[in-house]
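Written out below as structure tokens is the structure these notes cover.
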Amino acid sequence: MSEAFDCAKCSESLYGRKYIQTDNGPYCVPCYDNTFANTCAECQQLIGHDSRELFYEDRHFHEGCFRCCRCQRSLADEPFTCQDSELLCNDCYCSAFSSQCSACGETVMPGSRKLEYGGQTWHEHCFLCSGCEQPLGSRSFVPDKGAHYCVPCYENKFAPRCARCSKTLTQGGVTYREQPWHRECLVCTGCQTPLAGQQFTSRDDDPYCVACFGELFAPKCSSCKRPITGLGGGKYVSFEERHWHHSCFACARCSTSLVGQGFVPDGDQVLCQGCSQAGP
């Protein structure tokens, strides 16, 4: 008698039949498939030993079942993406989930470098400064009416310029004669003292501090010989070609204030009426 040669599962003779040898012994083809074959995640049928089997994330597929869930294209030899457990070819994924570049209109492919701003998307190389047309990348930029500028281009195009040095003002600054100035550029024409935050006046459109203006241009008080600037509400009295501070306009003899009073000129002096009538 010949030695028994039976299937390790169903015990039927394997003589003259196709079988598959395993570490646990030989199996007839039906028993082997029922015992060891994986179930296709798509059609739920066994993937026979003679079928090409594909797997992805612990799921197994017949080659013919491994398809894009939208266009049914075979994914066996194609790049694909899994979205919510559904397999998608790149074309279907891009159509359904990718955005279009706001500059070139082409699809922004998954995994590619991109920039998003204000609900729009750009390829990284398409997001350019509207001024110099260089890629903005991760640099700071300023949006303006649908355009995007790098900071230097925005400042050169839109930032106000100092009336003195003509350079852009990026922050701070002061206004003089309805023009913008850097604080450090608004200085006294005479002594170069900074005038921002200080009281000052002008002569022929040139700014001067109070001290320089008084020394250079203001009339001198006939009494104290100091400048009369009239700044800060300071009042003065003029008579003929002579001028006095209010506080200095007094009788040369009795020192009575003559502001709003009658007075009598006496050479270089002014006298109240009483002292004038009293004689020398």
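The values are calculated or read from the model by the stated rules, or taken from the named source; none is laboratory data. Worth saying up front: this structure is predicted, and the values here are computed from it rather than measured. Methodologically, a virtual Cβ is constructed for each residue, glycine included, from the backbone with ideal geometry; neighbour enumeration extends over all protein chains shown. Calculation scope for accessible area: heavy atoms of the full protein, side chains included, ligands and nucleic acids excluded. Shrake-Rupley method; radii C 1.70, N 1.55, O 1.52, S 1.80 Å.
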inquiry  = From the phi angles alone, apply the Karplus equation (6.51, -1.76, 1.60; θ = phi - 60°) to the range 126-133 and give each ³J(HN,Hα) in whole Hz, x where the residue is Gly or Pro.
reply    = 9, 8, 10, 5, 6, x, 8, 6
query = What accessible area per residue comes out for the range 1-106, rounded to a whole number of Å², with a 1.4 Å probe?
reply = 66 Å²
task = Take the solvent-accessible surface of the protein heavy atoms, probe 1.4 Å, and return the percent of it on the chain that carbon and sulfur atoms account for.
result = 45 percent
key: Two-site label geometry, SER138 and PHE158: point separation in nm, points 7 Å out along Cα→Cβ   = 2.5 nm
inquiry  = Once each part is reduced to its C-alpha centroid, what is the distance from the range 133-147 to the range 30-78 in angstrom?
reply    = 49 Å
message = Checking the cross-link filter: which aspartates and glutamates have an alpha carbon closer than 15 Å to that of LYS9, excluding same-chain neighbours under 8 positions apart?
response = ASP23, ASP33
inquiry  = Projecting each Cα onto the charge dipole of the chain (Lys/Arg +1, Asp/Glu -1 at the beta carbon, about the Cα centre), which of GLN198, ALA76, GLN21 comes out farthest on the positive side?
reply    = GLN198
ask   = Mind ordering 116-125, 164-173 by average Cβ neighbours within 10 Å, highest first?
value = 116-125, 164-173
remark   = Within the range 171-280, DSSP-loop trypsin sites (Lys or Arg not before Pro) with at most 16 other C-beta atoms within 10 Å are ARG177, ARG183, LYS225, LYS235, ARG253
inquiry  = Loop-only GluC sites (Glu not before Pro) in the range 201-280, please: DSSP not H, G, I, E or B, and at most 10 other Cβ atoms within 10 Å.
reply    = GLU240, GLU241
query = How long, wide and thick is the chain, going by the Cα atoms along their three principal axes, in whole angstroms, largest first?
reply = 172, 33, 27
message = What are the ³J(HN,Hα) couplings of the range 37-53, residue after residue, when phi is run through the Karplus curve with 6.51, -1.76, 1.60 and θ = phi - 60°? Round to Hz, x for glycine and proline.
response = 6, 8, 8, 5, 5, 8, 9, 6, 9, 5, 9, x, 5, 9, 9, 6, 10
Fully extended contour minus Cα-Cα distance, from GLU106 to THR170, at 0.36 nm per residue = 19.4 nm
message = Quick check: the distance between the Cα centres of the range 196-223 and the range 242-280, to the nearest angstrom?
response = 28 Å
task = Show the residues, 5+ positions off or on another chain, whose built amide H is closer than 5 Å to the amide H of SER130.
result = HIS148, TYR149, CYS150
